[in-house]
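S.K.: I am attaching a structure below and will ask some questions about it afterwards.
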Amino acid sequence: MLTATVPDDDLLHRLDDLAAAHADDLRLVRWDLSGPLDAATAREVELVVVPHYFVRPGGFDVLHGLPRLRWVQLPSAGYEHARPHLPPGVVLCNGRGVHDAGTAELAVGLTLAVQRGLPRAVRAMGEGRWDNPFGPSLADRRVLVVGQGSVGQAIVARFRPFEVDLVRVARTARDDVDGHVHGVDELPDLLPDADVVVLAIPLDRTSYHLIDARALARMKDGALLVNVARGKVVDGDALLAELTAGRLRAALDVTDPEPLPSDHPLWRAPNVLVTAHQGGNTDATFPRVAALVRRQLTALLAGEPPTNQVART
């Protein structure tokens, strides 16, 4: 019998048919990690599905009381917040593929909003003022997409119809069916020619402050930085200095710190649009998480390893 926990009634309901089909082999328990499980269930749990946006301090500590725990499934692609806090002997699986579409939609939406001056239009509308500025297009601009995992690839696919010059950057250089992918070590030479730089790279020790003061200084005047990765990929103080000087523009779905305090100067900086980590906040997320968990459970019931394995503690 495989005992697994899921964090909410919605996911539990979406998996009802799987549980019914495997009534002798699968037990699903609703648990949001907000407190300990009852002792009998805790002794049996092998798989835990973590809630969305689970960032509660010490929240993963309850997993250390599960002696048979073997797998932890995150709904997010990022896993840096979970890995250090898991008990030993656990395989961590991420949500690769779940948020690709939503994050890519937002990356393109943020880019278009800033390029076409939509924040300015919203402010003018609130004042009942007819404002008809001349501004930059997205067409014919060079767009640099940093990160070519599933999210980065989804972003590239959505930018292609906009008649832009796409430059792809990954951790290491390679060639594929769509052409050349540059290595991240080439960024210093690529940044000066980019009109838009989109960040979709995972956060780890190699990408922390990847976009620092020196990288920002290499971007051309008026260039747009779009961050849908993690806030710490960018040196926030250095970016704030460039925004305050009016030299660069930014569209940020992630910040450092996060949530951004109400008195943080980034809220009032010129040339910036901030959204509150909304990349995956769409109604497409829940059925996609359910589909991923269904695949994982089906694999485990068949004696096969789960997909999306990113770490083993």
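The values are calculated or read from the model by the stated rules, or taken from the named source; none is laboratory data. Bear in mind that the values here come from a model prediction, so they are computed numbers and not experimental data. Note that each Cβ is placed from the backbone with ideal geometry, even for glycine, and that neighbours are counted across all protein chains shown. Note: areas computed on protein heavy atoms with side chains; ligands, DNA, RNA excluded. Shrake-Rupley method; radii C 1.70, N 1.55, O 1.52, S 1.80 Å.
S.K.: Tell me yes or no: at least one residue of segment 260-273 is open to solvent by less than 70 Å² (accessible area, probe 1.4 Å), on the phi < 0 side of the Ramachandran plot and polar (S, T, N, Q). Please lay out each step first, then the result.
M.R.: The first filter runs over segment 260-273 and keeps only residues open to solvent by less than 70 Å² (accessible area, probe 1.4 Å), leaving 260-261, 264-266, 269-270, 272-273.
Those still in the list that are on the phi < 0 side of the Ramachandran plot too: 260-261, 264-266, 269-270, 272-273.
Then drop every residue that is not polar (S, T, N, Q), which leaves none.
No; the residues of segment 260-273 include none that is open to solvent by less than 70 Å² (accessible area, probe 1.4 Å), on the phi < 0 side of the Ramachandran plot and polar (S, T, N, Q).
S.K.: Within the group ALA104, ALA113, ALA77, which residue is in contact with a Lys or Arg (Cβ under 6 Å, 6 or more places away or on another chain) and open to solvent by 10 Å² or more (accessible area, probe 1.4 Å)? Explain how you work it out, then say what you get.
M.R.: Numbers: ALA104 fails: open to solvent by 10 Å² or more (accessible area, probe 1.4 Å); ALA113 fails: in contact with a Lys or Arg (Cβ under 6 Å, 6 or more places away or on another chain).
Answer to the check: ALA77.
S.K.: Out of GLN278, GLN296, I need the residue that is in contact with a Leu (Cβ under 8 Å, 6 or more places away or on another chain), modelled with pLDDT under 95 and among the polar types (S, T, N, Q). Which one? So that I can check it myself, show each step before the final result.
M.R.: Working: GLN296 fails: modelled with pLDDT under 95.
Matching residue, one of GLN278, GLN296: GLN278.
S.K.: State the number of residues belonging to segment 42-67 that are open to solvent by 100 Å² or more (accessible area, probe 1.4 Å) and of a type in the set (D, E, K, R).
M.R.: Matching residues across segment 42-67 total 2.
S.K.: What residue, among those in segment 181-230 that are open to solvent by 60 Å² or more (accessible area, probe 1.4 Å), assigned to a helix (DSSP H, G or I) and of a type in the set (Asp, Glu), is nearest to VAL272 (Cα to Cα)?
M.R.: Across segment 181-230, the extreme among qualifying residues is ASP193.
S.K.: Where residues in segment 143-170 are open to solvent by 30 Å² or more (accessible area, probe 1.4 Å) and part of a strand (DSSP E or B), which of them is farthest from ASP185 (Cα to Cα)?
M.R.: Going through the qualifying residues, I end up with ASP165.
S.K.: Still on this structure, I have one more. Which pairs do you get when a residue that is farther than 15 Å from VAL145 by Cα and modelled with pLDDT under 95, found in segment 210-226, comes within reach of a residue that is part of a helix (DSSP H, G or I) and small (Gly, Ala, Ser), reach meaning Cβ atoms under 8 angstrom, with the pair 6+ apart or on two chains?
M.R.: Short answer, once both residue conditions are applied: none.
S.K.: Filter segment 14-29 down to the residues that are within 24 Å of GLY95 (Cα to Cα) and loosely packed, with under 12 Cβ neighbours inside 10 Å and list them by number.
M.R.: Passing the criteria: ASP16, ASP17.
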